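Structure first, then comments.
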Amino acid sequence: MAAVEELGYRPNQLARSLLRGRSQLIGVGLGNMENPFFPLALETLSKQLSTWSQNTGFYKRSQSASRHID
């Protein structure tokens, strides 16, 4: 453990998730960020998930991605 502290080692979360087969990552896709509700909701969601040791990833969908294909 002395070497860990001396070298400032920090576990790599990506490597750990590959080993365990789970990432602790919640992804959220958004279509319209102009709505003032969404930034507040996303901030609240992110804070709550972090208390449960979950990470969040947000992405904005393009208009073409939101179309349904029949």
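Among residues of the range 1-50 being in contact with a Ser or Thr (Cβ under 7 Å, 6 or more places away or on another chain), of a type in the set (S, T, N, Q) and open to solvent by less than 70 Å² (accessible area, probe 1.4 Å), the one that is farthest from R61 (Cα to Cα) is S17. Scanning the range 30-59 for residues that are over 13 Å from the mean Cα position of the chain (by Cα) and touching a residue at least 24 places away in the same chain (Cβ under 8 Å) yields L30, G31, M33. Remark: pairs (first residue in the range 14-29, within 21 Å of A41 (Cβ to Cβ); second residue of a type in the set (D, E) and not in a helix (DSSP H, G or I); Cβ separation under 9 Å; 6+ apart in sequence or on different chains) are absent.
The values are calculated or read from the model by the stated rules, or taken from the named source; none is laboratory data. This is a predicted model, so every value here is computed, not measured. We place every Cβ from the backbone using ideal geometry, glycine too, and count neighbours over all the protein chains shown. Areas reflect the complete protein model, heavy atoms only, side chains present, ligands, DNA and RNA absent. Shrake-Rupley method; radii C 1.70, N 1.55, O 1.52, S 1.80 Å.
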